[in-house]
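Inspection log for the structure reproduced underneath, given as structure tokens.
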Amino acid sequence: MSSLSLFLTVFLTGIVLVVAGLGIAILLAPKSFNLQKGEPYECGIITHGTSWMQFKAGYYLYAILYLMFDVETIFLFPWATIVRDLGYQGLYSILFFIVILGLGLAYAWKKNVLKWD
């Protein structure tokens, strides 16, 4: 079997399985209409107004800062697995990395980005 025919077989099998799964779910799913099912989930609180409301930029900044520091701290795990093999050069490079993270946090703190109003 050539690689092209193997690829096509796997690709078509994947498409058939996905379509079959979705079709079975549509056919077997219970169907009932209720006004509460059509509303967005708001922790049991009745929604007011439209969903196109403006949010404060502070929420966006918190999310960006969280993602930035979260993703950057994930880089510490691979380093921790090979720290003994790296020697002092690896230690100095990770300390430099942590200092840069600390400077970013200090800058955000100084600009009052972390203050929740």
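The values are calculated or read from the model by the stated rules, or taken from the named source; none is laboratory data. It should be emphasised that the depicted structure is a prediction, and the values quoted were computed from it without experimental measurement. Here the Cβ positions follow ideal geometry from the backbone for every residue, glycine too, while neighbour counts run over all protein chains shown.
For residue 107, which of the numbered conditions (1) modelled with pLDDT under 85; (2) outside any loop (DSSP other than H, G, I, E, B) fails to hold?
All conditions are met except number (1).
So which pairs qualify, if the first residue must be in region 61-74 and on the phi < 0 side of the Ramachandran plot, the second must be of a type in the set (A, V, I, L, M, F, W, C) and at pLDDT 80 or above, the Cβ gap must be under 8 Å, and the two must be at least 6 apart or on different chains?
65/108; 69/101; 69/105; 72/97; 72/101; 73/101
State which residue pairs qualify: first residue part of a helix (DSSP H, G or I) and inside region 1-22, second residue of a type in the set (D, E, K, R) and surrounded by 10 or more Cβ atoms within 10 Å (Cβ to Cβ) in any location, beta carbons under 6 Å apart, and separation of 6 or more residues or different chains.
Correct list of pairs: empty, since none qualify.
Can you name the residue in region 58-93 that is surrounded by 11 or more Cβ atoms within 10 Å (Cβ to Cβ) and more than 30 Å from residue 115 (Cβ to Cβ) and is also nearest to the chain's Cα centre (by Cα) among such residues?
Once the filter is applied, the top-ranked residue is 79.
From 64, 98, 94, grab the single residue that is in a helix (DSSP H, G or I), over 30 Å from residue 35 (Cα atoms), in contact with a helix residue (DSSP H, G or I) (Cβ under 6 Å, 6 or more places away or on another chain) and not hydroxyl-bearing (Ser, Thr, Tyr). Steps first, answer last, please.
On the way: 64 fails: in contact with a helix residue (DSSP H, G or I) (Cβ under 6 Å, 6 or more places away or on another chain); 98 fails: in contact with a helix residue (DSSP H, G or I) (Cβ under 6 Å, 6 or more places away or on another chain).
Only one candidate passes the filter, namely 94.
Within region 95-114, restricting attention to residues that are among the β-branched types (Val, Ile, Thr) and either under 25 Å from the mean Cα position of the chain (by Cα) or closer than 18 Å to residue 66 by Cβ (or both), which residue is surrounded by the fewest Cβ atoms within 10 Å (Cβ to Cβ)? Break it down into steps so the answer makes sense when it comes.
From region 95-114, those among the β-branched types (Val, Ile, Thr) are 98-100, 113; that's our starting set.
Add one more test, that the residue is either under 25 Å from the mean Cα position of the chain (by Cα) or closer than 18 Å to residue 66 by Cβ (or both), and what stays is 98, 100, 113.
Working: 98: 13, 100: 11, 113: 15.
Ranking the qualifying residues of region 95-114, first place goes to 100.
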